[in-house]
Every structure is written in C-alpha cells, then in structure tokens.
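First the structure, in the form of structure tokens, and then the observations on it.
The values are calculated or read from the model by the stated rules, or taken from the named source; none is laboratory data. This is a predicted model, so every value here is computed, not measured. Quick reminder, even Gly has a Cβ in these numbers, built from the backbone with ideal geometry, and neighbours come from all protein chains shown. For the accessible areas, the whole protein counts, side chains as well, though only heavy atoms, and no ligand, DNA or RNA atoms are used. Shrake-Rupley method; radii C 1.70, N 1.55, O 1.52, S 1.80 Å.
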Amino acid sequence: MDKKRMGIEELFSIEMPPQANYELPDPDMLDYWNDYNQRIIFINSDIDDGIMKYVNNLYRWQYEDDKAGIKPEDRKPVTIFINSYGGDLNVCYSMISAMNAYSGVIRTVNYGTACSAAALIFINGTRGKRYCVDMSYALLHQGSGSTGMQTYEAQEAAQKNYRALINMMQENILKHTKIDQKTWNKIKARENYYYPKDMISNGLCDKIITNISEIWK
C-alpha cells in the first residue's frame, strides 16, 4: 500500500510502527568521559580496585602525550579531587606510582576528607599544587593489619610484607611533608588529624582555597 495514501485507520492498524531511539547515555559515563578529556579524577570512595581505572588513565595520558611529542611543561595538568576515608595500601601505591610516572603537573584537592591511604595520594601531588578547602581534614597513621593466615610461615610472610608496606608509607610521608623522622616516631602509633592550618604547617598541603576557581590558575 502506498503510505502517502494511507488513511488514519490504516496508520493505526500497523502492528509495529517505526520506533525512535529514545535511550539516553548513562550520566555517570558521560561525566567520566568529560572528566577524562579534562584530565580530572574524582576519588570519593574507598581506595580499592575501583581506583585502578584512574591508574590506567594516568598511564594512557602519559602515552598520548609521549606519542604526540608534547613537552612535560606543556602537558595538560591532571587534577585529583579527594574525599575518601582510605583503604587498600597496594592500590594506593599503584596510584602514587602512576602519579610519579606522569611527566606533567598533578594538582590534588582535599575537598572533604583525605584519610590514611587517601592522604598519601593527596600529599603526592605536585609541590605548590596541593589544595584543601577550608572545612576539610586529613588523617595520617601507621594503620593496622590482619593476616588472616592459618600457618605460622604464612603469617610470618604476611607480616614481613606488611612491614615493607608500612616502611614505604613512612618514607613517603617524610619525603612529601615537613614531618621529620623524630616526630613520626612519636606520633605514628596515633590517629593524627590535620585540619587546614595544620595541613599547611606540617607540609601536607600548599594552599587553603575558598574559591574552587583558584586551583585552575
């Protein structure tokens, strides 16, 4: 039948009329790819395997810039917003290693809470580019671990590995803050909270911001 000559009855009698695609893209995925293009990372959950996608991003950005022949000083800065109570040290060290491997500037922003493993990521931003908002805080501590192993040999190996992780944490804190060895030895067994002025005086942070636009300057 010629569709141009169809009447109203014929049109409504069609069993499967053509359908437009009304499916919208996932908002979270849109945000992720917009952030990817701007080299922005939001860490607002525990430091766990979910963070590894950001580790991958850092290596991809490094590869893209190397392939394009962009000089380190001309590379687009990475900005990492942090609001996390911490988590897995192994994932944390993967993130820090990727940050260290990135040739450009990495800005870190504590926009709420940066505790334990999240605090380590925060202090590893580029010096002079570590920011916090005026009602944020950070937490540094030695942490605690449980092997969950049955045999003595397995427990001993796990404890040896854990001591190595803690030693890496200590070295990183001493390198990226104003906290010295003597002070760390005194406080490492405690829960050490740092509020904005404390973060500045102890070298965890470089600037307290009251306007988010300040970080883009």
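What is the set of long-range amide H partners of Ile47 at a cut-off below 5 Å, with H atoms built 1.01 Å from backbone N?
Gly86, Gly87, Asp88
In the Gaussian network model of the chain, springs joining C-alpha atoms below 10 Å, which of Glu64, Glu191, Glu153 carries the largest mean-square fluctuation?
For the chain, modelled as a Gaussian network with Cα springs under 10 Å, the answer is Glu153.
Expressed as an acute angle from 0 to 90° and rounded to the nearest 10, what is the orientation of the C-alpha long axis of helix 89-101 relative to the principal long axis of the chain?
With rounding to tens, the tilt is 80 degrees.
Under 5 Å between amide H atoms, partner at least 5 residues away or on a different chain: which partners does Gln142 have, H built in plane at 1.01 Å?
Residues meeting the amide H criterion: Arg190.
Counting helices only, and only those DSSP H runs with n ≥ 4, report the 222 nm mean residue ellipticity of the chain as the sum of -39,500 (n - 2.57) divided by its residues, in deg cm²/dmol to the nearest 500.
Working: 8 runs with 93 residues, N = 217.
Mean residue ellipticity at 222 nm (helix-derived): -13000 deg cm²/dmol.
Per residue of region 150-161, what does 6.51 cos²θ - 1.76 cosθ + 1.60 with θ = phi - 60° give for ³J(HN,Hα)? Whole Hz please, x for Gly and Pro, Karplus curve as stated.
These are the phi-based 3J(HN,Hα) values: 8, 8, 4, 4, 5, 5, 5, 5, 5, 5, 4, 5 Hz.
When the chain is fully extended, how far beyond the present Cα-Cα distance does Ala154 get from Tyr195, taking 0.36 nm per residue of separation?
Length gained, Ala154 through Tyr195: 10.8 nm.
Hey, what angle do you get for helix 27-38 against the long axis of the chain, alpha-carbon based, 0 to 90 degrees rounded to 10?
60
If all Cα-Cα distances of region 101-217 are sorted into 10 Å bins from 0 onward, what percent lands in each bin, rounded to whole numbers?
Answer for region 101-217: a P(r) of 13, 41, 27, 14, 5, 1 percent.
Counting only protein heavy atoms and a 1.4 Å probe, tell me what percentage of the chain's accessible area is made up of carbon and sulfur.
Within the chain, the accessible surface is 52 percent carbon and sulfur.
Per 10 Å bin from zero, what fraction in whole % of the C-alpha pairs of the chain is there, up to the bin with the longest pair?
P(r) over the chain, rounded to whole percents: 7, 28, 28, 15, 7, 5, 6, 3, 1, 0.
How many percent of DSSP beta bridges within the chain run antiparallel, rounded to 5? List each step's numbers first, then the result.
Details: 3 of 23 bridges.
Here the antiparallel bridges make up roughly 15 percent for the chain.
I'd like the FRET efficiency for Asp74 and Leu139, computed as 1/(1 + (r/R0)^6) with the beta carbon distance as r and R0 of 35 Å, rounded to 0.05.
Computed FRET efficiency for Asp74 and Leu139: 0.45.
Report, by chain and number, residues whose modeled amide H sits under 5 Å from the one on Leu204, excluding near sequence neighbours (fewer than 5 apart, same chain).
Residues meeting the criterion, in which the H sits 1.01 Å from N, are Lys178.
Given a 1.4 angstrom probe, what's the average accessible area per residue across region 81-138, in square angstrom?
On the way: 1760 Å² over 58 residues.
Here the residues of region 81-138 average 30 Å² of exposed surface.
Report, in whole Å, the centroid distance computed from the Cα atoms of region 89-168 and region 57-73.
So the two Cα centres are separated by 25 Å.
Can you tell me the orientation of helix 52-68 relative to the chain, as the angle in degrees between its alpha-carbon axis and the longest Cα principal axis, to the nearest 10?
On a 0 to 90 degree scale, this one is about 80.
Working out 0.36 nm times the residue gap between Ile187 and Asp35, then minus their Cα-Cα distance, what length gain in nm do you get to one decimal?
Result for the pair: 51.0 nm of gain on full extension.
Which residue, Met29, Met99, Met199, tops the fluctuation ranking in a GNM of the chain built on C-alpha contacts under 10 Å?
The residue that fluctuates most here is Met29.
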